[in-house]
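Below you'll find the structure, written out as structure tokens, and then a few comments.
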Amino acid sequence: MPVSAGYVAREATTNLWRNRLMTAAAVLTVAVSLALVGSALLLKQGATKATVHWQNGVGVAVWVNGDASPAQFQAIGTQLAQNPLVKSCIARSQAYDFNEARQTVAADEFNATKQSDYPSSYRCVLQNPSDATAVVQQFTGKPGIFGTPSSPTAQIRTMESVIHILQWVFLSVAVVLLLSASVLILNTIRMAIFARRREVSVMKLVGATNWFIRLPFMAEGLIQGLLGSAVAVLVVLGLYWGIGLDTTKTAANQGNLIAQMSMGTWEVAATCILVGVVGIGVGVAGSALAVRRFLDV
Amino acid sequence: MITFQNVTKTYKGSTVALRDCSIEIDKGEFVFLVGPSGSGKTTFIRLLLREEIPSSGRIWEAGKEIGHLSKWRIPYLRRNIGCVFQDFRLLPNKTVFENVAFALEVIGRPKHVIASQVPQVLDLVGLTKKSGNLPGELSGGEQQRVAVARAFVNRPLILLADEPTGNLDPTTSLGIMRLLDRINRTGTTVVVATHDAGMVDQMRRRVIELDHGDIVRDQARGMYGLDSAIAAAGAGSPTGTMVETATAPVAKAGAPAPTTGYADSRDRLGRRDVDS
């Protein structure tokens, strides 16, 4: 006998309302844990975007001694231009680097220097950002080269590893919370089964099928999971629009980290779908376990 | 309709609730199961409801061997069996109508069928005027009539009643028994496990007596105890014929015949109570 969807929905919602305090607790726990899962996923996607962005901007600055002759400066430029790993280079004079230092170096430190203390430089963009280390090694110690050519690769790696750690912390906390949400749902269903044990015994007596008895309880878990994931999806969307991770705000955030982490609607939609599926899964798993363990049909 | 073939039911700890019972109950029969507490009456009913499975032997119900029935088929078996209990088992938050309708709802009967069958059966049990009341607003007898209505609304082939008058006064009990009799006249096989001696003596239907798991008497138009049957026979009243079935071990070898009350009988055999 097919079980009527109307009957299941009616019974499930009535029971949820009767047991509303426990239901609220279970829904909130699911919501918090799934919000964390969603945030971790957004962070991961943002970090991937930002890494690509940063890597595209990764170049190598080859510093040339301030006392190098114009011919020596020219020769280094030629070597760079002929290097297959290098895409293009721009020559920067001592005056340019001096002015740049005015922006980036602390004022008292900058005031203690003069333009002749600064090297001139070539700012190169590479064919492939991941070759930065190789280019740095090739030009370190060559005649006319000042110190070690610099590349922000190391900083990017540090940034990536920090994001990676954060992501794992988020996911670990979320997994623990998801487990506790499942247990809470299980307990809510157990209480519902206990409250309705008389009704269940009558149902069995008059020949209700096992699924007819089980489905309303399973639906209760499903609804709790759905409600929890709906709240979590709202949090994820709030995060997405609230801090401006959507691409429409990239121009407004130009240059900052958030703009670099920005992602498209489809990516955030995928995150929301995943959050919803996990929420439903947690609800169904918790209630299925409770029905199996505590409902004797 | 019901056949027990060498059925033995043993619970954990080797407590024997039924021992090698063989019995046949035909379609449309009205049977009283009598015996002291611990004699196996409730186990008999539970076996018929497939709440228990026999340790050995076979049981046929409405043409089906139910001992090896797969789990998913049990609900369908129970749709052919109505059941009434001493504690009524009504749902306190549902009205009389809803309690009776519930039995049809859970087996997926359409609303128009419920709307026509429930009033009919409420009329049969005489509770039409109380269909909107909650069980808490009814007397014990009325509640039991609701339970009978719920058991019968699906027009089952068999109606089982476990101590249906256990909580009721004699007058109300008589009303319930008359109701079960009316249901029996519709062709439904009725099996009533009872301690109500007055009722059994008054109804004069087939009596199966159990004692510590053994069928000790199977009597057409019988009375509650052997004493009352003998007394009635001595008085020249038409008690019907005492029928001892071929398989029923009427008296144990060496054991005195049960001529006294059931409590004495239990003490004499020294067996444990498994029926409560």
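Right, B:ALA161: of a type outside the set (Asp, Glu), out of contact with any Lys or Arg (no Cβ under 7 Å at 6 or more places or on another chain) and outside any helix (DSSP H, G or I) or not? Steps first, answer last, please.
On the way: of a type outside the set (Asp, Glu): yes; out of contact with any Lys or Arg (no Cβ under 7 Å at 6 or more places or on another chain): yes; outside any helix (DSSP H, G or I): yes.
It is true that B:ALA161 is of a type outside the set (Asp, Glu), out of contact with any Lys or Arg (no Cβ under 7 Å at 6 or more places or on another chain) and outside any helix (DSSP H, G or I).
For the subset of the range B:177-222 comprising residues that are among the small types (Gly, Ala, Ser) and either assigned to a strand (DSSP E or B) or touching a Ser or Thr at 6+ places or on another chain (Cβ under 9 Å) (or both), which member is surrounded by the most Cβ atoms within 10 Å (Cβ to Cβ)?
Restricting attention to the range B:177-222, the residues satisfying the condition of being among the small types (Gly, Ala, Ser) are B:187, B:193, B:197-198, B:213, B:220, B:222.
Now narrow it down to the ones that are either assigned to a strand (DSSP E or B) or touching a Ser or Thr at 6+ places or on another chain (Cβ under 9 Å) (or both): B:193, B:197-198, B:213, B:220, B:222.
Numbers: B:ALA193: 26, B:ALA197: 14, B:GLY198: 14, B:GLY213: 24, B:ALA220: 14, B:GLY222: 29.
Only one residue tops the list, namely B:GLY222.
Among the residues of the range A:12-25, write down those that are buried (at least 19 other Cβ atoms within 10 Å of the Cβ) and within 14 Å of chain B (Cβ to nearest Cβ).
A:ASN15, the sole residue that qualifies.
Quick check on the range A:173-195. Is at least one of its residues of a type outside the set (S, T, N, Q), within 14 Å of chain B (Cβ to nearest Cβ) and out of contact with any helix residue (DSSP H, G or I) (no Cβ under 9 Å at 6 or more places or on another chain)?
no
Within the range B:81-122, work out how many residues are open to solvent by 10 Å² or more (accessible area, probe 1.4 Å) and farther than 23 Å from B:ARG50 by Cβ.
Total satisfying the criteria: 16.
Considering only residues that are in contact (Cβ under 8 Å) with a residue 40 or more places away in the chain, out of contact with any strand residue (DSSP E or B) (no Cβ under 6 Å at 6 or more places or on another chain) and within 14 Å of chain A (Cβ to nearest Cβ), which ones fall in the range B:142-189?
B:GLN143, B:VAL146, B:ALA149, B:ARG150, B:VAL153, B:ASN154, B:LEU157
How many residues does the range A:177-213 contain that are without any contact (Cβ under 8 Å) to a residue 40 or more places away in the chain and assigned to a helix (DSSP H, G or I)?
Pass one, the range A:177-213, residues without any contact (Cβ under 8 Å) to a residue 40 or more places away in the chain: A:179, A:197-199, A:201-203, A:205-208.
When the remaining residues are screened for being assigned to a helix (DSSP H, G or I), the result is A:179, A:197-199, A:201-203, A:205.
Qualifying residue count for the region: 8.
Restricting attention to the range A:135-164, report how many residues are open to solvent by less than 40 Å² (accessible area, probe 1.4 Å) and on the phi < 0 side of the Ramachandran plot.
9
Just name the residue that is least open to solvent (accessible area, probe 1.4 Å) out of those in the range B:127-139 that are free of Cβ contacts under 8 Å to residues at least 40 places away in the same chain and of a type outside the set (Val, Ile, Thr).
The residue in question is B:LEU127.
For the range A:11-44, give me each residue that is more than 19 Å from A:LEU177 (Cβ to Cβ) and of a type in the set (Ser, Thr, Tyr).
A:THR13, A:THR14
Would you please list the contacts, defined by Cβ atoms under 9 Å and residues six or more apart or on different chains, that run from a residue in the range B:64-76 that is farther than 21 Å from B:LEU104 by Cα to a residue that is basic (Lys, Arg) and not in a helix (DSSP H, G or I)?
Listed pairs, sorted by first residue: B:GLU65/B:ARG58; B:ILE66/B:ARG50; B:ILE66/B:ARG58; B:GLY67/B:ARG50; B:GLY67/B:ARG58; B:HIS68/B:ARG58; B:LEU69/B:ARG50.
Do we have any residue at all in the range B:40-54 that's open to solvent by less than 10 Å² (accessible area, probe 1.4 Å), within 10 Å of chain A (Cβ to nearest Cβ) and either in contact (Cβ under 8 Å) with a residue 40 or more places away in the chain or among the aromatic types (Phe, Trp, Tyr) (or both)?
Scanning the range B:40-54 turns up at least one residue that is open to solvent by less than 10 Å² (accessible area, probe 1.4 Å), within 10 Å of chain A (Cβ to nearest Cβ) and either in contact (Cβ under 8 Å) with a residue 40 or more places away in the chain or among the aromatic types (Phe, Trp, Tyr) (or both).
Name every residue in the range B:58-80 that is charged (D, E, K, R) and either open to solvent by less than 70 Å² (accessible area, probe 1.4 Å) or at the interface with chain A (Cβ under 8 Å from one of its Cβ atoms) (or both), in order of residue number.
B:GLU61, B:GLU65, B:LYS71, B:ARG78, B:ARG79 - these are the residues of the range B:58-80 that are charged (D, E, K, R) and either open to solvent by less than 70 Å² (accessible area, probe 1.4 Å) or at the interface with chain A (Cβ under 8 Å from one of its Cβ atoms) (or both).
Within the range B:1-22, how many residues turn out to be assigned to a strand (DSSP E or B), surrounded by fewer than 20 Cβ atoms within 10 Å (Cβ to Cβ) and among the hydrophobic types (A, V, I, L, M, F, W, C)?
Adding up the residues that qualify gives 1.
The values are calculated or read from the model by the stated rules, or taken from the named source; none is laboratory data. Because the structure is predicted, anything quoted here is derived from the model rather than measured. Virtual Cβ from ideal backbone geometry, glycine too; neighbours counted across all protein chains shown. Ligands, DNA and RNA are stripped out before the accessible areas are found, and what is left, the full protein with its side chains, is counted by its heavy atoms. Shrake-Rupley method; radii C 1.70, N 1.55, O 1.52, S 1.80 Å.
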